[in-house]
1. For the range 231-248, how many residues meet the condition of being hydrophobic (A, V, I, L, M, F, W, C) and away from the ligand (no atom under 11 Å from the Cβ)?
2. If you take the residues in the range 171-205 that are assigned to a helix (DSSP H, G or I) and under 18 Å from the mean Cα position of the chain (by Cα), which one is farthest from the ligand (Cβ to nearest atom)?
3. Here are some conditions: (1) away from the ligand (no atom under 16 Å from the Cβ); (2) closer than 18 Å to Val141 by Cβ. Gly276 meets all but one. Which one does it not meet?
4. Mind checking which pairs have a first residue in the range 206-230 that is touching a residue at least 12 places away in the same chain (Cβ under 8 Å) and away from the ligand (no atom under 16 Å from the Cβ) and a second that is among the hydroxyl-bearing types (Ser, Thr, Tyr) and not in a helix (DSSP H, G or I), Cβ under 8 Å, 6 or more apart or different chains?
5. Just to be sure I understand, how many residues within the range 83-102 are open to solvent by less than 30 Å² (accessible area, probe 1.4 Å) and either out of contact with any Leu (no Cβ under 6 Å at 6 or more places or on another chain) or β-branched (Val, Ile, Thr) (or both)?
6. Please tell me if Arg263 is open to solvent by 30 Å² or more (accessible area, probe 1.4 Å) and within 30 Å of Glu16 (Cβ to Cβ).
7. Here are Leu40, Leu90: which of them is of a type in the set (A, V, I, L, M) and within 16 Å of the ligand (Cβ to nearest atom)?
8. Looking at the range 227-248, is at least one residue part of a helix (DSSP H, G or I) and either among the hydrophobic types (A, V, I, L, M, F, W, C) or at pLDDT below 95 (or both)?
Amino acid sequence: MSTDNPLNDPAADPFEVARAAADVIASKSGIERHDIALTLGSGWGKAADIIGETVSEIPASEVPGFSASAVPGHSGTVRSIALPDGRHALVIGARTHYYEGHGVRRVVHSVRTAAATGAAVMILTNGAGGIKEHWTPGTPVLISDHINLTADSPLEGATFVDLTDLYSARLRAVARGVDPSLDEGVYTQFRGPHYETPAEVQMAKTIGGHIVGMSTALEAIAARQAGMEVLGFSLITNLAAGIQKTPLSHAEVLEAGREAEPRIADLLARVVAAIGSSPEAAEGSAL
Ligand code: 8IG
């Protein structure tokens, strides 16, 4: 299956593959341009059903450069959704993780495709471990910044992209306008797929991390490179190793996600709606 992915050819231009993917999405959905894109990670999937009317749901296997999901509980589709205010959202339910070992081009392809469909805002969501002890499982938090511990980058060559304010302060304020109780923290991306040792969690805490996860940071960098405004959410499904006293289990993570799903789907739907009526969005639509 991986042999027929055009991104496996080192000579391929990843931006051209993203362009081709966007063209397929436009022709299959009949929607020429999307305004906003969302990647729905563990626990966040239900949001796709309530943010608007699904126009088209495309199996990831039909979109160039995408691959079927490797994780049970992640659905492998790309959905075009008509929002109540007339905007169009692209919902990516098919994330490729860095730990799958297909290389960083495959990891950020969905973000580059979202940009190629016209999306100016990229909302990245994930399930993650929490370092702040008062974050009980099921707590959604805003990502304020990240520490990329993968020792990799989606950028190739001398591409010096500024990451100050990578996680848009403007969009975080919009989200807090929807839910003033939202806390925020620094997302620390480990390679995975193993969870951290307690010592690694202490290291992450010492260097300024509050959330531990296995996605998002590399995707956020690619989104910024593409000129998108980024909003990041983590659903804390477990306290990080050693912070919680019991061992971590994927089953427990999925259960916390399922339990929180209706609440966080509602939160995300309200945030998407609020972004549409925020000052910058209004300016954009006037142009
Ligand atoms: I869900 O505790 C989830 N994803 N790295 N650590 C890392 N990723 C995670 C964790 C966690 N929980």
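1. The total comes to 2.
2. In this case the residue turns out to be Val174.
3. Every listed condition holds for Gly276 apart from (2).
4. Taking only residues 6 or more apart or on different chains, the pairs are Ile221/Ser153; Gln225/Thr159; Glu229/Ser168; Val230/Tyr167; Val230/Ser168.
5. Total meeting the criteria: 8.
6. Taking the combined requirement at face value, the residue does not satisfy it.
7. Leu40
8. No, the conditions are met nowhere in the range 227-248.
The values are calculated or read from the model by the stated rules, or taken from the named source; none is laboratory data. Source: prediction; values computed, not measured. Don't worry about glycine lacking a Cβ; one is built from the backbone with ideal geometry, like all the others, and counts go over all protein chains shown. Just so you know, the surface numbers come from the protein's heavy atoms only, side chains and all, with ligands and any DNA or RNA stripped out. Shrake-Rupley method; radii C 1.70, N 1.55, O 1.52, S 1.80 Å.
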